[in-house]
Amino acid sequence: AQTVTQSQPEMSVQEAETVTLSCTYDTSESDYYLFWYKQPPSRQMILVIRQEAYKQQNATENRFSVNFQKAAKSFSLKISDSQLGDAAMYFCAYRIANAGGTSYGKLTFGQGTILTVHP
Amino acid sequence: ETGVTQTPRHLVMGMTNKKSLKCEQHLGHNAMYWYKQSAKKPLELMFVYNFKEQTENNSVPSRFSPECPNSSHLFLHLHTLQPEDSALYLCASSQHDRLTYEQYFGPGTRLTVT
């Protein structure tokens with residue numbers, strides 16, 4: 001079974017600084033997707049960034065980037081130039097890429113990391 | 001309305017009550033999901049519907065009963081719940097193909113069982 005582990009229950013960062021959130025996962029699959037989702041205090045979960053396992057290049061979205069280490073099964077999120085609006089719970093998630101199985105679309109989430117941004 | 005909507009946003013119910021949670025997606029997706037989010041626990045997938053057919057039941061107790069009348073609507077019928085069922089219930093939707101695979105989430109229903 002796939003598992004996702006976020007070992008940092010809470011992290012904090014100063015505004016304009018950089019912070020890295022950690023995520024490791026366990027899978028026997030070779031083709032899968034990894035995601036970082038953000039859940040602000042308003043509770044609407046939104047997608048921050050996505051990484052396809054077959055791509056060696058790390059995904060980036062503006063101030064958000066990932067460090068994807070497939071062999072180590074590590075998928076960390078780096079937030080640069082942190083802003084007050086980045087304060088939220090961040091979830092790492094995994095999804096198998098097999099389009100034919102009944103588990104298609106099933107996301108496995110980590111426990112989440114609460115990020116606090118200090119002004 | 002845009003995205004994924006959920007009603008009600010907050011619900012308090014007794015253990016003998018029957019209530020229903022509603023989810024509606026306005027994104028043209030054909031897969032919908034129910035998740036349970038409890039404090040200090042990872043999100044737990046409860047049910048998956050693809051093209052209105054249930055394809056996943058993650059060992060959910062029968063006091064939770066899903067219904068998907070069409071690809072835009074998803075319900076979660078609740079009856080004789082327990083206090084440990086108090087949680088945030090999130091609905092999500094996605095497009096069932098390889099090209100578009102993000103799940104879009106609703107704001108959730110905060111359920112309190114007394």
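Assorted remarks:
- Qualifying position, being more than 29 Å from B:Tyr49 (Cβ to Cβ) and part of a loop (DSSP other than H, G, I, E, B), among A:Ser76, A:Ser30, A:Ser7: A:Ser7
- The range B:30-51, subset more than 10 Å from chain A (Cβ to nearest Cβ) and surrounded by 19 or more Cβ atoms within 10 Å (Cβ to Cβ), residue farthest from B:Leu74 (Cα to Cα): B:Lys36
- Unique match (being polar (S, T, N, Q), open to solvent by less than 20 Å² (accessible area, probe 1.4 Å) and more than 8 Å from every other protein chain (Cβ to nearest Cβ)) among B:Gln54, B:Gln25: B:Gln25
- Taking the conditions (1) within 11 Å of chain B (Cβ to nearest Cβ); (2) among the basic types (Lys, Arg); (3) more than 24 Å from B:His96 (Cβ to Cβ) in turn, A:Arg63 satisfies each one other than (1).
- Scanning the range A:62-88 for residues being open to solvent by 70 Å² or more (accessible area, probe 1.4 Å) and within 19 Å of A:Glu10 (Cβ to Cβ) gives a total of 3.
- Residue list for the range A:12-42, filter: aliphatic (A, V, I, L, M) and surrounded by fewer than 17 Cβ atoms within 10 Å (Cβ to Cβ): A:Ala16
- Condition met for B:Lys18 (open to solvent by 60 Å² or more (accessible area, probe 1.4 Å), touching a residue at least 12 places away in the same chain (Cβ under 8 Å) and in contact with a Ser or Thr (Cβ under 6 Å, 6 or more places away or on another chain)): no
- Test for A:Phe91: is it within 12 Å of chain B (Cβ to nearest Cβ), in a strand (DSSP E or B), open to solvent by less than 20 Å² (accessible area, probe 1.4 Å) and hydrophobic (A, V, I, L, M, F, W, C): yes
- Selected residue (criterion: farthest from the other protein chains (Cβ to nearest Cβ)) from residues of the range B:61-114 that are outside any strand (DSSP E or B) and open to solvent by less than 10 Å² (accessible area, probe 1.4 Å): B:Leu81
The values are calculated or read from the model by the stated rules, or taken from the named source; none is laboratory data. Computed from a prediction, not measured in an experiment: that's the story for all the values here. Reconstructed Cβ throughout: ideal geometry from the backbone, glycine too, with neighbour counts over all protein chains shown. Accessible surface areas use protein heavy atoms only, side chains included; no ligands, DNA or RNA. Shrake-Rupley method; radii C 1.70, N 1.55, O 1.52, S 1.80 Å.
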